[in-house]
1. Of everything in the range 307-351, what is more than 16 Å from the ligand (Cβ to nearest atom) and aromatic (F, W, Y)? Give them in sequence order.
2. Is the range 287-295 home to any residue that is modelled with pLDDT of 95 or more and either assigned to a helix (DSSP H, G or I) or in the same structural domain as L26 (by TED's automatic domain parsing) (or both)?
3. I need the full set of residues from the range 11-50 which are surrounded by 17 or more Cβ atoms within 10 Å (Cβ to Cβ), of a type in the set (A, V, I, L, M) and out of contact with any Pro (no Cβ under 7 Å at 6 or more places or on another chain), in order please.
4. Answer yes or no: is there a residue in the range 146-154 that is more than 16 Å from the ligand (Cβ to nearest atom), of a type in the set (A, V, I, L, M) and crowded, with 21+ Cβ neighbours inside 10 Å.
5. Restricting the first residue to the range 355-372 and requiring it to be in contact (Cβ under 8 Å) with a residue 24 or more places away in the chain and over 13 Å from W336 (Cβ atoms), which pairs with a second residue that is of a type in the set (D, E) and not in a loop (DSSP other than H, G, I, E, B) meet a Cβ separation below 7 Å and a spacing of at least six or different chains?
6. Tell me yes or no: at least one residue of the range 271-285 is within 26 Å of W96 (Cβ to Cβ) and assigned to a loop (DSSP other than H, G, I, E, B).
7. Among residues belonging to the range 246-270 that are among the aliphatic types (A, V, I, L, M), in a loop (DSSP other than H, G, I, E, B) and closer than 23 Å to I33 by Cα, point out the one that is farthest from the ligand (Cβ to nearest atom).
8. List pairs: first in the range 303-329 and assigned by TED's automatic domain parsing to the domain that holds T388 and closer than 19 Å to Y249 by Cα, second in a helix (DSSP H, G or I) and within 16 Å of the ligand (Cβ to nearest atom), Cβ under 6 Å, 6+ apart or cross-chain?
Amino acid sequence: MPDRSDTPLAPVLLGNEPGSFPHSVLAERHPAIIRQVRESFPYAPQQHRALDALLASCTKGVIEPLPADAYDGEHWASWGADACTGRTWFDVPWLWSESYFYRQLLEAVGYFTPGPWQGIDPFRPSKLAELDSPETDEELAALDALADRPADEQDRALLHGSLWGNRADLGFRMSAAQGEAATSKTPPLVADDSETLWSLLPHSGSATLCLIADNAGRELVPDLLLIARLLTQGRVGRALLHVKPYPYYVSDATHADVLDALRRLTKAPGAAATYGRVLWSAMTDGRLTVRAHPFAAAPLSYADMPGDLREELAAATLTLVKGDLNYRRLVGDRLWPPTTPFTAVTAHFPGPVAALRTLKSDVITGLDARTEAALVAAEGQKWRTGGTHALIQVRT
Ligand SMILES: O=P(O)(O)OC[C@@]1(O)O[C@H](CO)[C@@H](O)[C@@H]1O
């Protein structure tokens, strides 16, 4: 396995280059998210004023500190707040800027302030709409036909459901054209280590799986279906589902979203309800546990994870890391040459790890030179951010 120390560090992504994808997220997507949040609930004048102030700060101003009594002030101090405060949002690491934006957005709507708005998720209306959509009905109905297929086909379908479910993230839809297909000249999967993934989960009933979730709604539903399948097939004996401690990156899953998705499954007709019951009983007997570690919303790479989380992930047979943002945190939010070995940039991870991700940002590693050349020849650099390609990468 290539060692991390053999791999020169690539530049950290910043948002200060006009025309770049990170710049467009800070300059266009964040103001659009503030607009969306204003419309999500009848917020009071002081909340609108706080949103005005955040809009001014994040587009034309500098990074402001959290309130002195913020419950997580110490976390943010240890995550680099002092070094970033007073600088523009465009000049600090992009990952830091984005993560802090969501923290300040929740501050503005009173999510952490004792009172009637405490704990009200500004993104819940859009998450619920997605869960209630006809597309979700169709996806769940497809489970009925799947039940008659051979076991390995069912495994594969549910793995791919979880993988491509990552395309359905609500923040991403604000800036990407929907429905674009990968060109016929380039494969939808740019890397596929799924055979290795399955070999790590034999039918022994003894494996522990950690799944680090990404989005709620149409991504979390197939993630839960995959967990149910792995539990019923004995490929996994115990599963830990890691979600965010508070609403984040528009549609990221929280514990409340897990419960909404689970209720959606148990109330559905046909096979979907059976999956729902499997998950319900696994939660009640302790085979499926939901975790919301503060580090899940940290603006840092997983290389910097704290000891308690490291210990938990070290004990897992496999950790499945879902989505684009988690991929950025797994390999480091850097402009790596695409052929940089995935095994080298994930050498820090405490145990076997698999990334399931659709490509929605510039960060990419682990491609072979031929695949990269074919992608560039067909699409320029659009394949990196368009969400039309995906990968399954494993480090054992
Ligand atoms: O993690 P996810 O939901 O797959 O994607 C998150 C995302 O939409 O947000 C970031 C930009 O804000 C990008 O990394 C990525 O495109």
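The values are calculated or read from the model by the stated rules, or taken from the named source; none is laboratory data. In this text the structure is predicted, and so the values were computed from the model without any measurement. All Cβ positions, even for glycine, are placed from backbone atoms using ideal geometry, and neighbour counts span all protein chains on display.
1. Matches in the range 307-351: F342, F349.
2. Scanning the range 287-295 turns up at least one residue that is modelled with pLDDT of 95 or more and either assigned to a helix (DSSP H, G or I) or in the same structural domain as L26 (by TED's automatic domain parsing) (or both).
3. V25, L26, I33, I34, A50
4. no
5. Pairs found: R357/D324; T358/D324; K360/D324.
6. no
7. The extreme case among them is A253.
8. Close Cβ pairs satisfying both conditions: V321/L330; R329/Y302.
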